[in-house]
Structure formats: structure tokens, C-alpha cells
């Protein structure tokens, strides 16, 4: 924008200067020529009395003195055909002036001024004063250079003024744009400086009000989710009492797990932007525990289940509960969307830059055509939120998500989790479009 304003001012100033300086330069050239011709006319007319009063010898001496002192050359054509002064051919213009007419005419190399002198006994004499082009244009080049310098100075001055004007407009706009970028990146505390012209200040105020409104809406949404999640505690408490009456330890553990999940939902819902996303954990232990939890179900459904976990600790920037949720989501998808008896595998390995890779693959039909779809939509009768939750957990840790096919042609989902410190990597990476699973 700044360059465009400067370019507009330069173009406008250039047009004004050209429309003003070019005619002025032509006028100066014409004035210089008219002044030189007028001087020559005055000089010729001043010699008219000398032609009638001086003798031929004295007249020649006078003309020679005038030619030495003047830049114009004077020639006198006497009636008897003799010439005094600078020799010059007797042109048709001289013959016309000898008839008693005085005038000026342009000739090659300059302008000649002809003055007819009457009253001589032998006829009419003609005084010729020749003004060369160098005299006609004397001082014009210097005047043009002066005009060019004035134009360049005015153009430079306009560029300086335009630059300052553009800065006064661009700086507050840049500040508003930076604040908008910070808001877009999730920094809801960003505010735009209210400065500049009234329109820019209005835009800055509008952006600040929008940021405040977004923060209020998010806070309201978090509190609403927390309230809704808290309402689940009452039926969970009743369920836990019933489970205690049955004295089923496995059922009690499941109810306790659900209560922990609800508590985590409330905590996550009330967590504001920028707060810590949980304490890093050892992915090796979590994956092994969750795989052991799902193995009995795989045995009940006659599913071969392979588990490969790294031998060394794999610390990732994900809380223990979030990582367990990711493992449960991927395994639950396999059990839900593939027939019984289909084999599956879980593999945990180290990432080259730190963190870990979690791969869950199966020998089922794989992802059908249409692939990943929008969040909340599923082709298998589920909520369609599971893989999106896993994606956000992986990306918040600085990792990525890859969806593709296993070696047997089934489905394969790879989650990359970042190390405890490092910049996050944003974005999905797909091998196949679409996402029908929940």
C-alpha cells in the first residue's frame, strides 16, 4: 500500500510538472529569440541616421566598430551596389527591402533584420543585421536546466511527503494486521493499537471488540461443557453404588475410569488457551497397558493381535490420560469397523527428532472410497469424533497424523507425538482422501 501511494503521488506530480514546465520551457525559448531579434532591430534602426549623414569611408569604420562590439553582424547595402560591413550575398530579401520595406525573415543559420533607408540621392540603402542561432537561443539551455532542477526538486519533495503520508497510514494498518494474525493463531489476548486516521482507528476498535467477544464466547462454551459434564456425576455415582452392591471389581474399575474421564473433560473444558496441556509421560508404559486392556476382547473375537513396544522409554509431550485416549480410540475403531477374526497390530517406536510413533494397523477392508470426511460424520454409525480427537492431541504435542493402508490392504493410522520440548507441526497428512470412521 505504501508503494502504491508513493507511485500515485509520483504519477500525479509528474503530470502536473510536465504540463507546466514544458510550455514554460517553450515560452522561454520564444522570449529569448524575440529579445535577440528586437535587439538587432534596435541596432539596425540606430544606424539609419549614420547612413544618411556619414561618408562612405566613415560609414565603413563605424560598421566595423559595431561588428566588433556586437554578436550580431551588420551589413549595409548602398544604392551604388557597394557593401559596408560583413560581406553578404544580395538575396531576394535584400532586393525586396531595397524597394522601401523593412522586415525580419528567417534564413539558414539564424534571422536577418532588414531596414530600408530612404533619402539617399542614388536610391534606397538596406541595413542588414544578422542574428545567428547561437544568439537566438542564448541562455535557453541554462534556463531549461534550471527548470529541470526545479522539477526534480518538486518531484523529490512530493515523494518525501507521500512517503510520510503512507507511513502514517500503513503503520496502524500493519499493527491491526499483526493483531489479526495473532488472533488467528490462537492468541486471544492480542489487541490492536488504536492509532492513525479515523477509519483505521475504527477498524482497530472493531478488531479489539471482536477479540473480546470471541474470548467471552469461548469462556461461555467452556463453562457450558463443564456444567454438562458435571451433570454426569450424579448417574455415575448411582452406577458406582450399584456396582459396589454387585461386588464386581472389574465393573467398579470401569466406573472409576468413566469418572476419571468425566473429571478430565471438566478440567479440559475449563482450561484456557495457553495453559499447560498436561505432564509428559512415557508412551511405552501407556501403550503397553492399553494394549493389555484390549487383548482379552481380541481373544474373545478370535483376533490375532500383535504388540511391538520400544524397549527404551519414549517420553512424549502428551499427558498419560490423553495418550491412553488416543490408543483406545484407534483400537476401538478397529474392533467397531472390522469383522471379528480380523488381525490387528500395535507398534510404538521412537521418532528421529524425539517423541514416538504410534501405529495401529489391521487386515480389514481398509478405508472405503470417500475417505476422511468432516468432523462429526461417520460411515459406521459412530459419532465421527474419535480420530479428530486423536489428531488434535497429536498435533498439540507437536506431531502429525497419517492415514493410509496397511501392508495387507487394511486400514493404518499413524500418530506422531512430539518430545517434551519443540515447535509443533500443524496440519493433516493423508495418503487417501476421506474419513468415514468414527
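The values are calculated or read from the model by the stated rules, or taken from the named source; none is laboratory data. Model, not experiment: these values are computed from the prediction. Positions of Cβ are backbone-derived with ideal geometry, glycine not excepted, and every protein chain shown enters the neighbour counts.
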(Q) As an exercise: evaluate residue 6 against (1) within 56 Å of the chain's Cα centre (by Cα); (2) under 25 Å from residue 136 (Cβ atoms) and give the number of the one condition it does not meet. (A) (2)
Q) Which of the residues belonging to region 113-127 are out of contact with any helix residue (DSSP H, G or I) (no Cβ under 7 Å at 6 or more places or on another chain) and on the phi < 0 side of the Ramachandran plot? A) 118, 121, 122, 124
Q: Sort out which residues of region 52-70 are touching a residue at least 24 places away in the same chain (Cβ under 8 Å) and not in a helix (DSSP H, G or I), and write them in order of number.
A: 70
(Q) Checking the structure you have, find out if any residue of region 230-241 is assigned to a helix (DSSP H, G or I), at pLDDT 70 or above, in contact with a helix residue (DSSP H, G or I) (Cβ under 9 Å, 6 or more places away or on another chain) and surrounded by 14 or more Cβ atoms within 10 Å (Cβ to Cβ). (A) no
Q.
Suppose we keep only residues that are under 17 Å from residue 51 (Cβ atoms) and surrounded by fewer than 14 Cβ atoms within 10 Å (Cβ to Cβ) within region 65-89. Which one would you say is nearest to the chain's Cα centre (by Cα)?
A. 65
Q. Checking residue 380 against (1) touching a helix residue (DSSP H, G or I) at 6+ places or on another chain (Cβ under 9 Å); (2) modelled with pLDDT of 85 or more, which single condition isn't satisfied?
A. (2)
